[in-house]
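Throughout, read-outs are computed from the coordinates displayed, never taken from laboratory work. Everything numeric here is computed off the predicted structure, so don't read it as measured data. All Cβ positions, glycine included, derive from the backbone under ideal geometry; neighbour counts span all protein chains shown.
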Amino acid sequence: MVRKKKVLQFTKDKFLEEKEEEEKPKEDEQKARSRFLAMISLASELGFSISLPIAGGALLGQFLDNKFSTSPRITLSLIFFGLFIGVTNIYFIMKESEQE
């Protein structure tokens, strides 16, 4: 909804002109800010959904490799498994954001 306001212009106590100016609603600013925050939230969610499974796989893999003395086998396996989980998470996040 666009609201109009009347503006009166005076010069030295004389009436010059009366005109109507459109006042931009604050709703547009609020929608833009809301959209910006939603995009930042989506970007951070994507970053965490990729990095956390990979980092978790690396840490757990190193722990298990040290415990069972299997050099890099478990670590690499869990890193690739974490990568698979991260890509799957991104797929579902993007699918969900398309529906909104």
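Structure notes:
- Difference of contour (0.36 nm per residue) and Cα-Cα distance, A38 to A55: 3.6 nm
- Point-to-point label distance, S69-Q30, nm (Cα→Cβ direction, 7 Å offset): 6.7 nm
- P(r), alpha carbons of the range 45-100 - 10 Å bins starting at zero, rounded %: 27, 40, 21, 10, 2
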